[in-house]
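Engineer: One structure is given below, represented as structure tokens, and several questions about it will come after.
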Amino acid sequence: MASNFASLKTSSSASLDSLSSQLEKLSPNQQSRSNGDDRFWTPTVDKAGNGYAVVRFLPASANEDVPFVRVFSHGFQGPGGWYIENSLTTIGQKDPIGELNQNLWNTGGDEGKEQARKQKRKLQFISNIYVVKDPGNPENEGKVFLYKFGKKIWDKIEAQMNPEFEDETKINPFDMWQGADFKLKIRKVAGYRNYDSSEFDSPTPLLDDDSALEAVWNKQHGLNEFIDAANFKSYDELKAKLDRVLGRTAPTTTAAETVVEEESWNEGASETPSAPLSQSPQAGDDDDDLSFFKKLAEED
């Protein structure tokens, strides 16, 4: 980790290897809603659902090891209301939905597997970004924000760090000097936000002045709070809510609370399908795939 800006630049050439090493250490079982949090940046789309912006992923903040956190959550509607909660699997703990889905997948037949699909985990990442160009909100340009994104964008980041072909050069997209701007291109395809056309530009320093870069780095937000166990509900709290949502206990959530929860989920899920969450989700950019459940079945 970098304790000051000078050490950040000194270690720039070795940061990609260090980041790759940290990625290998991450547990497969490692979201947070941004509703009402002005630290988060959200891309703007037009009436057709299309949008464009240019951002730069930033390095790890002071006293943090990696420039992102990976987080899981669940969001679905049952007979007792909405269940929209962070998953304890984010911090490597058992989660009541994870256990329920394992049982459904192993013993519930086709109907159980379908329910597990509806309740599966949602995968997202959170990083610091510098907004280079934001046509929808130009006042955001030149500012530092947190950005929540899904697996489709993460795959593009990982492809830069681990190129597929020998003639391609490894790039650390989070590096201020040797990284690259990310051109975010959003299209609406079959009711979903599609990020396939998004791409990294050629490597170039974010800014030409190191003092300006240091000012940017000092404005970054800490990420550890999003994987701090103190900020997660307990297993028992989640289990009680899950039972209520699934109709196992009398619902206590008010209509107003349900609306707030639904809006919070939809605002925080930039890559979530527009279809109701109670429906079986299609393969989305930020959804954990069904190999999770298959793996659980194999381990049973």
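Engineer: Mind checking which residues of the range 21-54 are modelled with pLDDT of 65 or more and hydroxyl-bearing (Ser, Thr, Tyr)?
Structural biologist: Thr42, Thr44, Tyr52
Engineer: Right, another one. Filter the range 164-191 for residues that are aromatic (Phe, Trp, Tyr) and surrounded by fewer than 16 Cβ atoms within 10 Å (Cβ to Cβ) and give the result.
Structural biologist: The first filter runs over the range 164-191 and keeps only residues aromatic (Phe, Trp, Tyr), leaving 165, 174, 177, 182.
Scanning the range 164-191 gives a single hit, Phe165.
Engineer: When residues of the range 157-172 are filtered for being basic (Lys, Arg) and within 18 Å of Ile129 (Cα to Cα), how many remain?
Structural biologist: Final tally of qualifying residues: 0.
Engineer: What are the residues in the range 216-275 that are modelled with pLDDT of 95 or more, of a type in the set (Gly, Ala, Ser) and closer than 30 Å to Ser61 by Cα, if any?
Structural biologist: Across the range 216-275, the qualifying residues are Gly222, Ala229, Ala230, Ser234.
Engineer: Further question on the same structure: Output the number of the condition that Pro281 fails; it satisfies all remaining conditions of (1) assigned to a helix (DSSP H, G or I); (2) modelled with pLDDT under 95; (3) not hydroxyl-bearing (Ser, Thr, Tyr).
Structural biologist: (1)
Engineer: I'm trying to understand the selection: among the residues of the range 81-96, which are surrounded by fewer than 21 Cβ atoms within 10 Å (Cβ to Cβ) and either modelled with pLDDT under 95 or within 23 Å of Phe40 (Cα to Cα) (or both)?
Structural biologist: Ile91 - this is the single residue of the range 81-96 that is surrounded by fewer than 21 Cβ atoms within 10 Å (Cβ to Cβ) and either modelled with pLDDT under 95 or within 23 Å of Phe40 (Cα to Cα) (or both).
Engineer: Check the range 129-145 and report whether any residue there is of a type in the set (Ser, Thr, Tyr), farther than 30 Å from Thr204 by Cα and in contact with a helix residue (DSSP H, G or I) (Cβ under 9 Å, 6 or more places away or on another chain).
Structural biologist: Applying the first criterion (of a type in the set (Ser, Thr, Tyr)) to the range 129-145 yields 130.
Still in the list and also farther than 30 Å from Thr204 by Cα: none.
No, that holds for no residue.
Engineer: Next question, about the same structure. Here are some conditions: (1) at pLDDT below 95; (2) in a loop (DSSP other than H, G, I, E, B); (3) out of contact with any Lys or Arg (no Cβ under 6 Å at 6 or more places or on another chain). Ser15 meets all but one. Which one does it not meet?
Structural biologist: (2)
Engineer: Which residues, taken from the range 188-207, are assigned to a strand (DSSP E or B) and β-branched (Val, Ile, Thr)?
Structural biologist: Val189
Engineer: Another question, then. If you take the residues of the range 105-163 that are assigned to a strand (DSSP E or B) and of a type in the set (Lys, Arg), which of them is surrounded by the most Cβ atoms within 10 Å (Cβ to Cβ)? Step through it out loud before you land on a result.
Structural biologist: In the first step, residues of the range 105-163 are kept if they are assigned to a strand (DSSP E or B); the result is 122-133, 144-149.
With of a type in the set (Lys, Arg) added as a condition, the list becomes 122, 133, 148.
Working: Lys122: 27, Lys133: 15, Lys148: 23.
Applying the filter and picking the extreme gives Lys122.
The values are calculated or read from the model by the stated rules, or taken from the named source; none is laboratory data. Computed from a predicted model, the values in this text were never measured in an experiment. Cβ sites come from the backbone with ideal geometry, for glycine too, and all protein chains shown count toward neighbours.
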